[in-house]
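Before any comments, here is the structure.
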Amino acid sequence: MTPDTWILYLLAVMGLSASPGPNGLLALTHGALYGHKRTLFTVSGGTLGFMLLISLSMFGIGALIQASTQALTILKWAGGAYLVWLGIQLWRSPPMNLASNEQAQQRSNGTLFRQGFISAISNPKVLLFFGAFLPQFIDPTAPLWTQFLVMALTFAVVEFVVECALARVAHQLRPWLERSGKRFNRACGGIFAIIGTALPLSQ
């Protein structure tokens, strides 16, 4: 992976991590309920779940590329179309409902870790998203597993930092998201649609 491609991937991952999602909402609510330090267990569980899903996606992508050199082109166009569809869905979605159904009782750190892990691993759309997202940045002429390792570690670090930040500023962000959630969804949806349209056309 060239430095230019990695920077583009980093920017895309930052946009992805900042967009609304179950684990981001969980980091917000747990940050408000239990404080940002204990929410580190929630975030760690979610990051581990995402790493597992990325590994599954990469295994399938690697097998396809090794079977056919044209598979990457097909994956890019199919993935681009899926990203555009996700962008449209996000644009049309209502603001996040930040009213928490959780009870503010004390829970063990293991329970918080498990909730973060299950929230990440139980969403099949995440597996489909990674299958559409990752091929946009792969160079089939370079070692695949080195690229996969760089992409997985980059995503894990960015996701961990973003969710920790959400937990830390939970009380400040909740009113803003309730007030401006629709505009935020449209901005994130527009970013997804632009990525899905532009990346398959790039070399």
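Just so it is clear, none of the values below were taken in a lab; they were calculated from the coordinates. On a predicted model such as this, the values are computed, not experimentally measured, just so you know. All Cβ positions, even for glycine, are placed from backbone atoms using ideal geometry, and neighbour counts span all protein chains on display.
Data overview
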{"read-out": "Rg over Rh [alpha-carbon atoms, Kirkwood Rh] for the range 1-52", "value": "1.10"}
{"read-out": "Virtual spin-label span in nm between Leu52 and Thr141, 7 Å along Cα→Cβ", "value": "3.8"}
